[in-house]
Amino acid sequence: MSYFANILVFICIYGILAISLNLTIGFAGIFNLTHAAFFGIGAYTSALLTLTGVPFWLSFICAFLIAAIFGFLISLPATRLKGIYLAIVTFGFAEIIIAVMKNWQGLTRGPLGLPGIPKASLFGFKFASTWEFFVLAAVVLIITYVIISKIVNSPFGRTMRAIRDDEIAAKALGKNVMKYKSYAMLIGAGFAGIAGSLFAHYITFIDPSSFTLTELILMLSMIVVGGIASVPGALLGAAILVILPEPLRFLYLPSSIVAAIRQMLFSGILIAMLLFKPNGILGERRLLLKKNAKSSWFIKKLWRG
Amino acid sequence: MLKVVGLSKSFGGVKAVQNCKFEIERGSIVGLIGPNGAGKTTVFNLITGFLKPDRGNIIYRRKNITNMPPHKIAQLGIGRTFQIIRLFPQLTVLENMLLAIPSNDSLFTSALQFRVVAKEQKENIEKAMELLKFVGLDIKVNALAQNLSYGQQKLLEIARVLALDADLLLLDEPASGVNLTLLKKIAGLIKNMRKSGKTILLIEHNMDFVMKICDKVIAMDHGKEIAYGTPKQIQKNKLVLDAYLGG
């Protein structure tokens with residue numbers, strides 16, 4: 001039965017990642033490709049701190065803070081750019097972070113990774129079994145879901161969506177565009193950081209390969225499938241993409257082939273969604289009302305900025 | 001109220017605005033006219049901070065606002081509309097209005113203090129509805145801005161700039177591309193704005209419209225101010241006639 005719990009834990013972790021990525025891409029319109037790296041920063045921060053004896057709850061909070069600080073720092077140059085330029089800059093940052101993880105061997109042990117990360121524990125209670133850990137992950141997911149829903153539905157969220165729609169008009173209405181974008185990046189990165197902390201203390205082993213482009217594409221696929229600019233959509237997308245490749249396990253194929261089929265499956269879904277339902281299953285309801293939408297707002301945004 | 005002194009801006013070799021100077025009195029409607037490419041919109045962009053001038057100063061209420069970022073200038077009370085309508089297409093009419101009304105939308109207060117925000121929100125919705133009624137868009141409150149007709153979008157942009165509670169309004173071609181009925185309506189709206197104490201600077205190519213509603217007119221050509229005066233004086237000015245008809 002812990003097989004199902006394992007799937008549920010991953011739905012929670014990827015749910016947090018997809019929801020926070022959707023905050024920056026879907027609601028704030030920042031084409032942020034650093035998300036997987038923020039996930040990694042959270043994981044490494046939390047793992048390194050716990051390995052030196054810091055309690056789990058404190059390193060969990062530090063994972064949020066450190067990732068948020070990186071999110072903020074990256075937002076400073078990144079939010080001055082648009083469209084494809086922004087995508088390249090954020091992608092470049094992600095690669096730098098991965099390169100540091102791989103090469104700062106004194107701290108991260110490089111490609112060897114960090115083994116023996118303690119399981120999560122809170123006030124003396126150890127989340128040892130998969131089901132116990134699922135409860136912790138679900139609580140974190142619910143908190144993330146509630147906070148980000150509150151943010152996007154608040155006046156702050158409205159301003160964020162306005163900036164996504166038309167930055168110049170937002171400036172003319174007295175909105176400090178950079179500030180809102182930086183906050184969006186900061187919060188998005190922070191939540192990716194806590195997802196990283198959960199991941200590290202669940203798997204108990206991390207190495208830089210868990211936070212690369214492949215992971216990022218998986219997260220992007222989740223919000224494309226579930227729905228751009230929709231909090232429940234992001235969660236739904238995460239659930240679908242975690243569950244979908246599972247049947248492959250029972251085909252008893254060599255693992256190298258399964259990995260390749262997984263990648264093909266994700267790419268296939270991504271292409272199919274962009275062709276037939278470009279705003280995703282639960283994409284911002286109001287975006288769907290536009291009857292004559294020939295190509296998705298999402299695709300236009302990416303190319304025009 | 002607004003004073004522009006020696007304003008200059010060039011784009012590469014093109015001198016878009018050269019040594020432009022004028023003053024706008026409180027409570028007046030001033031028209032800014034000139035052939036296409038005369039530098040009118042550039043002047044707007046310079047005043048509102050979207051462009052930085054090469055030389056010159058912009059004084060608003062005895063405060064030097066040259067080189068301030070656009071959002072600061074807007075917060076000081078200078079609102080503008082755009083030549084090409086700039087609404088938030090994927091937001092509703094009401095949301096477009098609420099964005100303009102100065103309110104607390106900082107992250108922590110708006111995400112945490114629910115009751116304060118809800119109360120402010122309620123007041124703002126009432127204010128937005130009032131303005132929407134004023135321009136006749138109250139039936140479209142929940143429509144997406146992108147689904148409005150061109151005329152309705154123009155009206156919404158005007159209503160939105162009014163919601164900003166700015167004292168000086170810069171309207172870039174408020175009457176372009178609209179039919180006669182709407183033209184009259186917009187003229188009425190602008191006169192009403194002045195009655196409620198706003199000062200207006202507008203760019204417009206429709207001369208009847210300019211002559212009817214403006215107190216003063218500034219004429220520009222090739223980035224230079226060529227004439228300033230009442231509509232009647234401008235109509236007779238030789239330089240203006242030359243600029244339009246080619247002398």
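A few comments on the model shown:
- q = 0.07, 0.10, 0.12, 0.16 Å⁻¹, the range A:2-212: log10 I(q)/I(0) [Debye, one scatterer per Cα]: -0.21, -0.43, -0.61, -1.00
- Placing unit charges on each Cβ (+1 for Lys and Arg, -1 for Asp and Glu) gives the range B:139-247 a dipole about its Cα centre, and among B:Pro231, B:Leu170, B:Leu144 the Cα reaching farthest toward its positive end belongs to B:Pro231.
- The length gained on full extension between B:Ser10 and B:Ile125, counted as 0.36 nm times the residue separation minus their Cα-Cα distance, comes to 37.1 nm.
- Derived from the Cα gyration tensor, the three semi-axes of the equivalent ellipsoid of the range A:11-110 are 25, 17, 11 Å, largest first.
- Length released on extending from A:Ser267 to A:Ile84, taking residue separation times 0.36 nm less the Cα-Cα span: 63.8 nm
- Rounded to the nearest 10 degrees, the angle from helix A:35-51 to the longest Cα principal axis of chain A is 30 degrees.
- Take B:25-33, A:164-172, A:33-41, A:53-61 and order them by the average number of nearby Cβ atoms within 10 Å per residue, most first; the result is A:33-41, A:164-172, B:25-33, A:53-61.
- Ordering A:Thr214, A:Phe199, A:Gly237 by the projection of their Cα atoms onto the charge dipole of the range A:193-291, which places +1 on the Cβ of Lys and Arg and -1 on the Cβ of Asp and Glu, puts A:Gly237 at the extreme positive end.
- Gyration tensor (Cα) of the range B:2-246, equivalent ellipsoid semi-axes in angstrom: 32, 22, 15
- Of interest is the spacing of the C-alpha centroids, which for the range A:221-274 and the range A:8-32 amounts to 15 Å.
- Most fluctuating residue given options A:Phe199, A:Phe276, A:Phe91, as computed from a GNM of chain A linking Cα atoms under 10 Å: A:Phe276
- Heavy-atom accessible area for A:Ser149, with the other protein chains in place and a 1.4 Å probe, reaches approximately 30 Å².
- Degrees separating the helix A:130-153 axis from the principal Cα axis of chain A, which is the longest one: 20
- Positions from the range A:168-207 whose accessible area shrinks by 50 Å² or more when the full protein complex is built, not the chain alone, probe 1.4 Å: A:Ile168, A:Lys171, A:Ala172, A:Leu173, A:Gly174, A:Lys175
- Peptide B:65-73 shows a mean partner chain C-beta count of 3 within 10 Å per residue C-beta.
- When only the Cβ of Lys, Arg, Asp and Glu is charged (+1, +1, -1, -1), the dipole of the range A:2-212 relative to its Cα centre reaches about 440 debye.
- Of the chymotrypsin sites (Phe, Trp or Tyr not before Pro) found in the range B:1-87, none is in coil by DSSP with at most 11 other Cβ atoms within 10 Å of its Cβ.
- Length-normalised contact order of chain A in % [C-alpha pairs under 8 Å, at least 6 apart]: 33
- Shown are B:Lys15, A:Lys82, whose ranking by accessible area with a 1.4 Å probe and every protein chain present, most to least, is B:Lys15, A:Lys82.
- Placing unit charges on the Cβ atoms of the charged side chains and taking the dipole of the range B:33-108 about its Cα centre, the candidate lying farthest along the positive direction among B:Phe44, B:Gln83, B:Phe108 is B:Phe44.
- Taking the longest Cα principal axis of chain B as reference, the axis of helix B:114-135 is set at about 50 degrees.
- Chain B and chain A together bury an accessible surface of about 2900 square angstrom, both sides counted, with a 1.4 Å probe and no ligands or nucleic acids included.
- With 0.36 nm allotted per residue and the present C-alpha distance subtracted, the B:Lys195-B:Asn36 stretch has 54.2 nm of extension available.
- P(r), alpha carbons of the protein assembly as shown - 20 Å bins starting at zero, rounded %: 20, 44, 26, 9, 1
- Residues losing 50 Å² or more accessible surface upon assembly, the range B:89-110, compared with the chain by itself, 1.4 Å: B:Gln90, B:Leu91, B:Glu95, B:Leu99, B:Asp105, B:Leu107
- Span from the the range B:21-38 Cα centroid across to the the range A:129-154 one, whole angstrom: 56
- Computed label-point distance, nm, for sites A:Thr212 and A:Phe276 using a 7 Å Cα→Cβ extension: 3.2
- Applying Stokes-Einstein at 4 °C and 1.567 mPa s to the Kirkwood radius of the range A:112-193, computed over alpha-carbon pairs, gives a translational diffusion coefficient of 83 µm² s⁻¹.
- Among A:Thr52, A:Thr79, A:Thr108: highest mean-square fluctuation, GNM of chain A, C-alpha pairs under 10 Å: A:Thr52
- Applying 1/(1 + (r/R0)^6) with r as the Cβ-Cβ distance of B:Ser28 and A:Ile69 and R0 = 45 angstrom yields a FRET efficiency of 0.35.
- Averaging Cα coordinates gives a centre for the range A:86-127 and one for the range B:67-82; these two points are 44 Å apart.
- Note on B:Met129: accessible area approximately 60 square angstrom, rounded to 10, probe 1.4 Å, nucleic acids and ligands left out.
- Note that the protein assembly as shown presents 44 Å² accessible area per residue, ligands and nucleic acids not counted, probe 1.4 Å.
- Under the simplified labelling scheme, the A:Ser2-A:Leu51 pair shows an inter-label distance of 2.3 nm, with each label point 7 Å from Cα along Cα→Cβ.
- Residue with peak Gaussian network fluctuation, chain B [Cα springs, cutoff 10 Å], from B:Lys216, B:Lys236, B:Lys185: B:Lys236
- If both residues of a DSSP beta bridge must be in the protein assembly as shown, then about 60% of such bridges are antiparallel.
- Heavy-atom accessible area for A:Ser230, with the other protein chains in place and a 1.4 Å probe, reaches approximately 10 Å².
The values are calculated or read from the model by the stated rules, or taken from the named source; none is laboratory data. Note that this is a predicted model, so its numbers are computed, not measured. Every residue, glycine as well, gets a Cβ built from its backbone with ideal geometry; the counts of neighbours run over all protein chains shown. Accessible surface is based on the protein model in full, side chains and every heavy atom, while ligands, DNA and RNA are left aside. Shrake-Rupley method; radii C 1.70, N 1.55, O 1.52, S 1.80 Å.
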